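A short write-up of the structure that comes next.
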Amino acid sequence: MKTKFTFLLAFLFIGLNIGFAQDEEAMTKLSIFHEYVKAKNYDAAYQPWMDVRTKFPKFNNAIYVDGEKILTHKIEKATGADKVPFLNDLVKLWEERGEHFPEKTPKGEYGAQSCQLLYDNRALLNKTNEELYACFDAVYQEDKATFTNPQSLYTYFSLMVDLFDAGKKPAEDLFNKYDDIVEKVEDEVKNYSESLNVLIEKEEAGTALTSKEGQYKAYYESYLAAYDQIAAGIDEKMGTRANCEILIPLYQKNFEENKGNAVWLQRAAGKMSEKDCTEDPLFFKLVNAYHDLSPSANSAYYLGILKDKEGKSNEAIAFYKQAIDLETDSFKKSNLNNKIALKLKAKGNYGQARTFFREALRLNPSNGRPYLSIAAMYAASANNCGDTNFNKRAVYWLAADEALKAGRVDPKLSGAAAQSAASYQAKAPSKSEIFSAGNSGQTITIGCWIGASVTVPKM
């Protein structure tokens, strides 16, 4: 019995020593390659890194964080076919990270990263559009929540368009994927906008942001700018592939099968509205079926469009207001207000439009587009909202002020805002005209629908 006990102790001691020795070896080599990586000496880091990765794959996540930098360097340094083994190994590394550190490796994020790497090097790797689309689609279906990279979302949709153009995907799949990706982008814009709005409201209240909050603000703004670019790119890629000649027969054919499917009805009505196919009787059928099945902000908005088409403006406004009342999400409510305002602006109902634009701004202060729209309405009304030539042109100062607000709250619009403001300023009274009028520093009241005051710049 004593012999067995002694043997067991010896076995445990040896096991512990082996474990300690292995940990020490792993830590030593990890320290070596990590120091090389910090010094950006990736070639020297490669072999000790590979030793730890091969022998101790679960030891520390630094194996995968540093490994990504090492392999990225190898890829950038290599040319032609020499890149291929490193490209394949980087994909393999991300897979290993997911296996050994799943809690630190979101599947949607890293899967999309892998697919994007394959796409960016598709010629070298001999990847077809079908293979690449299948890669993105599998990741998206598995973990849509963390599939958020703007570039990868665009690539995913772009591949669908390419397959459609090649006759390998039907129109219905293309339209469904378009709606799906657009909704995903809108969700991400909503998330970042809501975070950014908190910081903008703090600034507007006169409280300075902390250093960390300033960094977060810049981070949110950069992502919103990226999503704005991607949204425009997706629409451009879609182009004329979704037009009334394609949409109407497709939705007509599938209406009976889907008249009890609220999501299908909403997307079909939305696409027809977006492509201005609202004159067709099918739009009426879709909207009414959707509203009967699932009364919502969207269905009420579409009913408003129908009333607008019938020339019943008051009834249209009533439905638009109902749509806003039915919407519970502040971000979506802001978008609804903006869409309604744009319709009213296009019809010349500037006073009503401004009310909806202001509400859109209140609900989502980081979106500067309503400011640009209000500025454009002021400028368009300059000849009608002043009692003298000087006062009429003074309206352009109001327009310039609104345009500049857009750039302050929404950096991605800073260029357009500055350009618009400069254009309006050029049309306002000059310094010599202010001197001649003798009203420097005075306040001018602007009448008609604008109903605002503007101060003449001091000379």
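Throughout, read-outs are computed from the coordinates displayed, never taken from laboratory work. Note that this is a predicted model, so its numbers are computed, not measured. Methodologically, a virtual Cβ is constructed for each residue, glycine included, from the backbone with ideal geometry; neighbour enumeration extends over all protein chains shown.
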Checklist entry - Considering the Cα trace of region 317-378, what is its radius of gyration and what is Dmax, both in angstroms? => result 10.7, 31
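Trypsin sites (Lys or Arg not before Pro) within region 48-91: which are DSSP loop residues with at most 14 other Cβ atoms inside 10 Å?
Working: sites: ARG53, LYS55, LYS58, LYS69, LYS74, LYS77, LYS83; in loops: LYS58.
Sparse-neighbourhood loop trypsin sites (Lys or Arg not before Pro): LYS58.
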Item to check | Principal axes of region 139-184: Cα extent on each, largest first, Å | outcome: 30, 17, 17
Next on the checklist: Based on the alpha-carbon set only, what is the convex hull volume of region 109-182 divided per residue, in Å³?
Outcome noted: 77 Å³
Item to check | Selected from TYR220, ALA232, GLN252, residue furthest toward positive end of dipole (region 204-259; charges at beta carbon) | outcome: GLN252
Checklist entry - Which value, in debye to the nearest 20, gives the size of the charge dipole of the chain about its Cα centre, when Lys and Arg are +1 and Asp and Glu are -1 at the Cβ? => result 1000 debye
Next on the checklist: For region 366-459, take N as its residue count and report Rg(C-alpha) divided by 2.2 N^0.38 Å.
Outcome noted: 1.06
Checklist outcome for this item: With 0.36 nm assigned to each residue of separation and the Cα-Cα distance removed, MET27 to LYS259 gains 77.2 nm
Checklist entry - Can you list the residues, at least 5 places off or on another chain, whose amide H is less than 5 Å from the amide H of ALA452, using H built in the peptide plane? => result ILE446
Item to check | Computed [θ] at 222 nm, helices only, for the chain once each DSSP H run of length n ≥ 4 contributes -39500 (n - 2.57) | outcome: -25000 deg cm²/dmol
Checklist entry - For region 24-236, what's the relative contact order in percent, using C-alpha pairs closer than 8 Å and at least 6 residues apart? => result 13 percent
Checklist entry - What is the calculated FRET efficiency for GLU274 to TYR216, with r their C-beta to C-beta distance and R₀ = 45 Å, to the nearest 0.05? => result 0.85
Next on the checklist: Checking understanding here: applying a Kyte-Doolittle mean of at least 0.0 and a length along the axis of at least 27 Å (C-alpha), which whole DSSP H helices in the chain pass?
Outcome noted: 2-38
Checklist entry - In cubic angstrom, how much convex hull volume per residue do the alpha carbon atoms of region 282-391 span? => result 107 Å³
Checklist outcome for this item: For the chain, whose charge dipole is built from +1 on Lys and Arg Cβ atoms and -1 on Asp and Glu Cβ atoms, the candidate among VAL185, LEU93, TYR371 with its Cα farthest towards the positive end is TYR371
Checklist entry - If you look at just the Cα atoms of region 177-327, how large are its Rg and its Dmax in Å? => result 19.2, 58
Checklist entry - Suppose every K and R has +1 on its Cβ and every D and E has -1 on its Cβ; what is the size of the dipole of region 366-459 about the Cα centre, in Debye to the nearest 20? => result 180 debye
Item to check | Cβ-based net charge around SER31, under 14 Å, with every Lys or Arg adding one and every Asp or Glu removing one | outcome: -4
Checklist entry - Over the chain, what is the mean sequence separation of C-alpha contacts under 8 Å (at least six apart), divided by residue count, expressed as relative contact order in percent? => result 7 percent
Item to check | Reachable lysines, given that their alpha-carbon falls under 19 Å from the alpha-carbon of LYS190 and they are not under 8 places away in the same chain | outcome: LYS144, LYS202, LYS217, LYS332, LYS333, LYS339, LYS412
Item to check | Overall dimensions of region 24-236 by Cα: Rg and Dmax, Å | outcome: 20.3, 59
Checklist entry - What translational D, rounded to a whole number of µm²/s, comes out for the chain from Stokes-Einstein when the hydrodynamic radius is the Kirkwood one over Cα pairs, at 20 °C and 1.002 mPa s? => result 80 µm²/s
Checklist entry - So, with +1 on the Cβ of K and R and -1 on the Cβ of D and E, and no other charges, what is the size of the charge dipole of region 319-373 about its Cα centre, to the nearest 20 debye? => result 240 debye
